[in-house]
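The values are calculated or read from the model by the stated rules, or taken from the named source; none is laboratory data. As the structure is a computational prediction, the values presented were derived from the model and not from experiment. Here Cβ is always computed from backbone atoms with ideal geometry, including for glycine, and neighbour counts include all displayed protein chains. Each accessible area value is taken on the protein alone, full model and side chains, heavy atoms only, with ligands, DNA and RNA left out. Shrake-Rupley method; radii C 1.70, N 1.55, O 1.52, S 1.80 Å.
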Amino acid sequence: MFFVSLPTSNTYCYMDIEASIRLRDFSCGLFFMFQIIGTLALFLKGRTHRLQRSAFHFMLYLLLISVFEAYVFFIHNFLGEQERPVTNLLQLTVVPLALLFLYRLTHTQGMRLLPAVLNFAPYIVAFVLYICTLSKEIYDGIMLVAFVHAFSIIVYGFIAVRQFNRMLVANFSSDEHMSLHWLWLFLLLYVALGCVWLWATWSGSLFVATFYNITIAIILALLCYFVYRQEDMLENLGKVEDDTPKEDCTKDYHFADNFENVFSIDRIYLNPKLNINDLARALGTNRTYVSNYINQQLHTTFYEYVNKWRITRAKQLLLSTSLPLEDIAEQSGFNSLSSFRRYFVSSENMTPMAYRKFRGK
């Protein structure tokens with residue numbers, strides 16, 4: 001939400017300004033409405049899910065900033081000429097908050113207190129310093145530092161998401177509602193949004209401000225949607241203590257003889273929510289040994305190994321029965337038809353129906 005002073009010397013210009021203001025006000029209302037809906041949805045789910053609770057705190061902070069700005073812009077501008085720089089600096093505090101939320105998405109716990117304080121405190125200090133001095137040099141310096149910090153967060157985000165997805169395939173047999181592949185897109189949108197924000201901040205154009213408000217409203221709506229449906233698999237893994245003995249037993253896998261039986265006879269892979277802890281309990285060992293065995297002895301990942309059994313089962317059903325794909329996906333251990341199709345195509349380079357048609361002859 002941004003305000004600028006524009007000339008009003010003639011009727012045409014006045015009408016143009018009035019239309020710009022109405023568009024700007026509409027975009028502010030749209031942004032505000034999306035924030036309220038997203039915050040409420042995350043609050044309701046956050047009562048029982050820790051990840052969504054963290055997202056609720058993030059959205060609540062954004063909502064409070066918007067409420068403050070709405071009061072300043074539409075009710076009482078007690079900031080005077082400092083309206084825009086003060087609100088701009090207040091918006092910059094979202095940058096370190098975004099890092100805290102990104103860290104929570106990719107780790108079992110939130111960031112520890114000291115790193116969190118060191119991440120956030122400079123913005124508070126800079127904000128107070130500007131309020132006390134009203135120095136343009138300090139304002140420009142804060143903007144530059146925030147830009148560099150935001151860029152470093154984006155770089156960190158790409159690294160963190162890659163590590164997260166590696167942990168996912170090492171511990172879970174399905175990435176349905178767990179993978180953070182969607183976050184790659186949001187990191188790119190974060191870059192684009194930052195550019196638009198700088199453009200709107202420095203140009204003072206009502207049309208650019210309108211474009212910014214609509215853009216961030218859409219981005220926040222999508223973010224709330226993906227986070228709402230995101231399963232906190234790291235929280236589940238974090239509840240299980242690793243009971244690996246101190247001595248190195250990686251070459252003595254006492255469960256190796258029973259490993260294949262758990263899949264071929266017990267068909268443990270038919271559990272659509274199978275994770276490496278479940279397999280470790282079935283083998284009477286711990287997840288570290290199981291993970292080492294799969295990686296070092298079988299030269300694959302837990303995700304790939306389990307889904308290989310599921311695909312084998314699915315191919316048998318495709319050729320020996322006339323069951324619909326939904327039933328085959330369920331009876332093969334996949335938790336959805338979409339994940340079944342996606343993994344089948346990546347494994348066999350053809351769709352399940354094409355496999356049934358050409359291999360069933």
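Observations on the structure shown:
- Test item: Cα-centred dipole of the chain, Lys/Arg +1 and Asp/Glu -1 on Cβ, debye: 880 debye
- Taking the C-alpha atoms only, the angle from helix 302-320 to the longest principal axis of the chain is near 60 degrees.
- Å² of accessible area per residue within the chain, as computed with a 1.4 Å probe and no ligands counted: 54 Å²
- For the chain, the relative contact order works out to 20 percent when only alpha carbon pairs closer than 8 Å and six or more residues apart are counted.
- Most mobile listed residue (G284, G38, G157) in the chain, GNM with C-alpha springs under 10 Å: G284
- Values of log10 I(q)/I(0) for the chain across q = 0.14 Å⁻¹ run -1.15, by the Debye formula with one identical scatterer at each alpha carbon and no solvent.
- Heavy-atom accessible surface of the chain: percent carbon and sulfur, 1.4 Å: 63 percent
- Using the rule -39500 (n - 2.57) for each DSSP H run of four or more residues, divided by the residues of the chain, the 222 nm mean residue ellipticity is -24000 deg cm²/dmol.
- With at most 10 other Cβ atoms within 10 Å, longest stretch of the chain clear of loop GluC sites (Glu not before Pro) (DSSP): 1-240
- Couplings 3J(HN,Hα) of the stretch 221-226, computed from phi: 5, 5, 4, 4, 5, 5 Hz, in residue order, whole Hz [Karplus 6.51 cos²θ - 1.76 cosθ + 1.60, θ = phi - 60°; x for Gly and Pro].
- Helix 11-46 and the longest principal axis of the C-alpha atoms of the chain enclose an angle of approximately 40°.
- The stretch 291-322 and the stretch 76-101 have Cα centres spaced 52 Å apart.
- Helix 337-348 and the long axis of the chain differ in direction by around 70°, with both axes built from C-alpha atoms.
- Charge dipole of the stretch 278-361 (Cα centre as origin; +1 on each Lys and Arg Cβ, -1 on each Asp and Glu Cβ, all else neutral): 260 debye, rounded to the nearest 20.
- Using θ = phi - 60° in the Karplus curve 6.51 cos²θ - 1.76 cosθ + 1.60, the 3J(HN,Hα) couplings for the stretch 267-276 round to 6, 5, 5, 6, 6, x, 9, 4, 10, 5 Hz; x is entered for Gly and Pro.
- Applying the Karplus relation 6.51 cos²θ - 1.76 cosθ + 1.60 with θ = phi - 60° to the stretch 180-191 yields 3J(HN,Hα) values of 9, 4, 5, 6, 4, 4, 5, 5, 5, 5, 4, 5 Hz, where x marks Gly and Pro.
- Local net charge near P85, Cβ-Cβ under 15 Å (Lys/Arg +1, Asp/Glu -1): -3
- Rel. contact order, % - alpha carbon contacts under 8 angstrom, at least six apart, the stretch 77-154: 34 percent
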